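Below is one structure, written out as structure tokens, with a few remarks after it.
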Amino acid sequence: MSELHPETRAVHLPQPPIEGSRPIAVPIYQTSGFVFDDPAVMADAMGRPDGPFVYGRYTNPTVRSLETAIADLEGGVAAVATGSGMGAINAVLLGLLQPGDHLIAQRALYGGTAAMIKELAGRFGITVDYVPEDDPAALRDAVRPETRLVYLETIANPIAQVADLPGMCAAAREAGIVSVVDNTFASPVLCRPIEHGADIVVHSTTKYLSGHTDVLGGIAVFAGDELYRKVWHFAIELGVTADPFASWLTLRGLQTLGLRMERHCSNARLIATRLSGHPAVSAVHWPGLPSHPSYELAGKLLPDFGGVFSFDLAGGRAAGERFMAAVRLALLAPSLGGVETLVLHPATTSHRSLSVEELARHGIGEGTVRVAVGIEHPEDLWADIEQALT
């Protein structure tokens, strides 16, 4: 390149090949596209997810590493990484549903998912029936000829109901409909829904998979190649696919997922157990407690019960507002799954789009507080929560 002008040489930078060794960490391929020598190879790559890398919106080596890693953890054949958890959910719902289709969803859903389903119903004429997350018979009764999807959450947000994944996914498969499971609250450490019959698993990788409250991301994992290719084609046209830096951050966090989940769960056990005996608390919603309706099912399905739970304050909304203003170590903030403990009021935050009746259907009251337990020392956390209660 020495014969070229400096301005040209500054644009066309040399890229040294790596031979005889390989990097320990996955590199960040911070490029929007890739160069081809053969036009036919490039044309072929534009039309499939498993060909040479061609354009960042299609995929990227760093993004592919994340997709491969999480597909392997979940027991899927492939995955599509997205820019947020809602990006993954929307890519699946919009990519697989048509106007006039019928969707069955469990009653207790993340607020963003519930809002999107309402939007689908109003905008595209997609009809929706809601059933209990642990009632395969109700699912079978709700199936129609136009039913296309069943949507479930392994552990529901925020009351932590646990879905009967084996029963619900079997009922969906009998009816020839696709089952989608949001596994964000459990992570692949606690549950792998594909092993229980799910066709698609979605995550907000913002949460436990990345684990450090510093990245937005989502992913959809597929049990079969046909659904994967269909959703991939739609996702790249929708423009929700992940960027390499966010994917790299998620990969870095993913390496400590097992260690973090162990601490999240043990901390949640201590705090939930103590709260269940506190006079200011009327109910605690964590499936590891015998008082929770999902306790027996959770014990069969999960090795542990997650790091997120909710509790109801006896004083209602006013008590909830006082509690959240009084915590010092726990942080009043959205999201979950990071190393720090976060609290929020679902009725006015994560589930703010729901009516009073819909909130009641989800089991959310005016005094419900959600706690996403971090990995701090459990006694420090309890001291903070106890002083806020009093």
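Rule-based calculations on the coordinates, nothing more; no lab input. Treat the numbers as computed from the prediction; the structure is a model and nothing was measured. Note: ideal-geometry Cβ built from the backbone for every residue, glycine included; neighbour counts use all protein chains shown.
Based on DSSP H runs of at least 4 residues, each adding -39500 (n - 2.57), what is the mean residue ellipticity at 222 nm of the chain after dividing by all its residues, to the nearest 500 deg cm²/dmol? Don't skip to the answer; put the middle values down first.
On the way: 15 runs with 154 residues, N = 390.
About -11500 deg cm²/dmol.
Which FRET efficiency, nearest 0.05, do residue 38 and residue 195 yield, Cβ-Cβ r, R0 45 Å?
Result of the calculation: an efficiency of 0.65.
Angle, helix 85-96 long axis vs. longest principal axis of the chain, Cα atoms, 0 to 90°, nearest 10?
80 degrees
Please rank 377, 278, fewest neighbouring Cβ atoms within 10 Å first, as an exposure proxy.
Working: 377 11, 278 16.
Lowest to highest Cβ neighbour count: 377, 278.
Let me know the charge dipole size of region 257-389 about its Cα centre in debye, to the nearest 20, where only the beta-carbon of Lys, Arg (+1) and Asp, Glu (-1) is charged.
Details: 11 positive and 14 negative charges, 28 e Å.
Taking the Cα centre of region 257-389 as origin, the dipole is about 140 debye.
So how compact is region 257-389: Cα radius of gyration and Dmax in angstrom?
14.0, 39
With θ set to phi - 60°, apply the Karplus curve 6.51 cos²θ - 1.76 cosθ + 1.60 along region 319-328 and write out the HN-Hα couplings as whole Hz, x wherever there is a Gly or Pro.
5, x, 5, 5, 4, 5, 6, 9, 5, 10
Within region 296-326, which residues have the backbone N less than 18 Å from the label spot 7 Å out from residue 352 along Cα→beta-carbon, could you tell me?
Correct set: 317-318, 320-322, 324-325.
In straight Cα distance, which lysines are under 24 Å from residue 230, not counting same-chain residues fewer than 8 positions off?
Within the straight-line cut-off, residue 230 pairs with 118.
Could you please rank 185, 53, placing first whichever residue has the fewest other Cβ atoms within 10 Å of its Cβ? Don't skip to the end; give the middle numbers.
Numbers: 185 27, 53 17.
Least crowded to most crowded, the residues run 53, 185.
Which whole-number percent gives the relative contact order of region 199-342, counting Cα pairs below 8 Å spaced six or more residues apart?
25 percent
Taking K and R as +1 and D and E as -1, what net charge do the other residues with C-beta under 14 Å from the C-beta of residue 197 add up to?
Combined, the nearby Lys, Arg, Asp and Glu give -3.
How much length would be gained if the chain were fully extended between residue 24 and residue 46, taking 0.36 nm per residue of separation minus their Cα-Cα distance, in nm to one decimal?
4.9 nm
At 0.36 nm per residue, and after removing the present C-alpha to C-alpha distance, how many nm does the segment from residue 340 to residue 314 gain when stretched out fully? Can you show the working numbers first?
Values: separation 26, 0.36 × 26 = 9.36 nm, distance 2.60 nm.
Extending this stretch completely gives an extra 6.8 nm.
Can you give the charge dipole size of the chain about its Cα centre, rounded to the nearest 20 debye, using +1 on the beta carbon of Lys and Arg and -1 on the beta carbon of Asp and Glu?
480 debye
In whole Hz and in residue order, list the ³J(HN,Hα) couplings for region 99-115 that follow from phi through the Karplus curve 6.51 cos²θ - 1.76 cosθ + 1.60, θ = phi - 60°; x for Gly and Pro.
So the Karplus estimates, Gly and Pro as x, are x, x, 6, 10, 10, 10, 10, 5, 5, 8, 9, 4, x, x, 5, 4, 5 Hz.
To test your reading of the geometry: what angle, between 0 and 90 degrees and rounded to tens, separates the Cα axis of helix 165-174 from the longest principal axis of the chain?
60 degrees
So which lysines can residue 300 reach, going by Cα to Cα under 26 Å and dropping same-chain residues fewer than 8 places off?
207
Let me have the relative contact order for region 39-254, percent, based on Cα pairs under 8 Å that are six or more residues apart. Please list the in-between numbers first.
Values: 445 pairs, mean separation 62.3, N = 216.
Taking the mean separation of contacting Cα pairs over the length of region 39-254, I get 29 percent.
Would you work out the relative contact order for region 1-144, in percent, from Cα pairs under 8 angstrom that are 6 or more residues apart?
14 percent
Looking at region 39-254 from every direction and averaging, what is the projected area of its Cα convex hull in nm²?
11.2 nm²
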